[in-house]
1. Leaving ligands, DNA and RNA out of it, work out the accessible area of Glu77 with a 1.4 Å probe and give it in Å² to the nearest 10.
2. At 1.4 Å probe size, put Leu237, Leu69, Leu283 in order of accessible surface, largest to smallest.
3. With a 1.4 Å probe and every protein chain kept in, tell me what percent of the accessible surface of the chain is carbon plus sulfur.
4. Set the Förster radius R0 to 22 Å, insert the Cβ-Cβ distance between Asp64 and Leu41 as r into 1/(1 + (r/R0)^6), and round the FRET efficiency to 0.05.
5. Hey, how many Å between the Cα centroid of the stretch 90-141 and the Cα centroid of the stretch 3-45?
6. Taking the chain as the reference, fit the longest principal axis to its C-alpha atoms, fit the long axis of helix 246-267 to the helix C-alpha atoms, and give the angle between the two in degrees, 0 to 90, nearest 10.
7. Give me the percent relative contact order of the chain, please, defined on Cα pairs under 8 angstrom at least 6 residues apart.
8. Run the reach check for Lys396 against lysines, Cα to Cα strictly under 20 Å, same-chain hits fewer than 8 apart removed. What comes back?
Amino acid sequence: MSTALLWFRRDLRLADLPALVSAAERASRVLAPYVLDDALLKPAGKPRQAFLYGCLEALADSLDGRLTLVHGDPVREVPRVARAVGAGSVHVSTDTGPYGSRRDRAVAEALGEIDWVECGSPYAVTPGRVTKPDGEPYRVFSAFYRAWCRHGWRAPAPHSTVDWIEPEKPFRLPETPDLGPMALPRPGEAAAHEVWEEFLDGGLDGYATNRDRPDRPATTRLSPYLRWGCLHPRTLLADLDTRHGKDVESLRSELAWREFYADVLHHRPETARKNYDERFDELEYDTDRESFDRWRAGRTGYPIVDAGMRQLLAEGWMHNRVRMIVASFLVKDLHQPWWLGARHFMNHLVDGDLASNQLNWQWVAGTGTDPAPFFRVFNPTTQGEKFDPDGAYVRKYVPELREIPGKAVHQPWKLPRPPKDYPAPMVDHAQERKVALDRFNAIT
């Protein structure tokens, strides 16, 4: 009987999984390993680790316990496991990230005569496939989006049934990190599809207008599931293809942003840590630790910023509009390097994805692909008043302000008697905006 390995990574599901189809075509028996790799686990914060473990448990249940957990270096462990079961091939979803691509080249070499088979990726269109006519990558989203839509994507992969090999040791996860009162989304493939179906039934209508409102449950909340591949964006796009209208187009565009940033990181892997636009290497930054600590604790005195930072600490997630607001405040009002904020996000986000996180931070910071974004400085007060007009979002996460009605909650310092237990604004936004633009003009 022929044997194969299906090495699970960012594809913790059984439906719409091309690597599973590939393994089923090559072998009658399949071993399903997941490697607990310290190179990925150690940088991940507790929320992401806990959600990952939950997704692995759900996947193991789907496999009737036949998920093989291995702890160690994949370059050593994957060949060892493959040889132990006499596998003739190892099947994976392509990883185009900086670490993943290096790791996979090393594993493929270490396998020797065992076939290395890549099939599919965590994206509707594998990064690197969409290019300009001259073969160069896109750096502007709108042009990438048009080309991405023209390129199109495959239909969801058919379901495949295989004989899963029983692991040598019973499935047993490491101890789940203690998250205290934080409640994460229910993990796993079945939960992902339930969230998606519920959104299609009641959340898609009005999405284009409401997705920027943190006071409303108007986003898909699928980002943690997409991060770990509990469902594939191709599945979402196939469902959207049967619908029409501005809400559908808006959601398709949001999915494309994820693909765009993965493509940028594929072509420019150094941008996970460095400025895409090297001019900004000369920008003057502040590194005041006290200011950074007040920002990350949600004690800046700007209610929408503080609400977002406290939501992050309470839920391991933050509304996307608010992510932009708090990022702008750190970079443009406090003049701190974007990578400090990006690292803080990756430590706390349950959906922390390297490409999306780092390059969204660069978009806000003005150091990324957008040709002229540094002049985009979010005013935290007007942003709060516009997207949380009644103050419901702020009052939910900032209990010191819950007695302030309406939009007055966004400027508590203007009240006759400001709340004593809430700080005054730590900086003057108008003044710091001018400082940010002066520093930018100094390097241009």
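The values are calculated or read from the model by the stated rules, or taken from the named source; none is laboratory data. In this text the structure is predicted, and so the values were computed from the model without any measurement. As a convention, Cβ positions derive from the backbone with ideal geometry for all residues, glycine included, and neighbour counts pool all protein chains shown. The accessibility values were calculated without ligands, DNA or RNA, using every heavy atom of the protein model including side chains. Shrake-Rupley method; radii C 1.70, N 1.55, O 1.52, S 1.80 Å.
1. Approximately 20 Å² of Glu77 is accessible to the 1.4 Å probe.
2. Leu69, Leu283, Leu237
3. So the carbon and sulfur contribution to the accessible surface is 49 percent.
4. 0.30
5. Using only Cα atoms, the two centres lie 15 Å from each other.
6. 70 degrees
7. Relative CO of the chain lands at 18 percent.
8. Lys386, Lys407, Lys420
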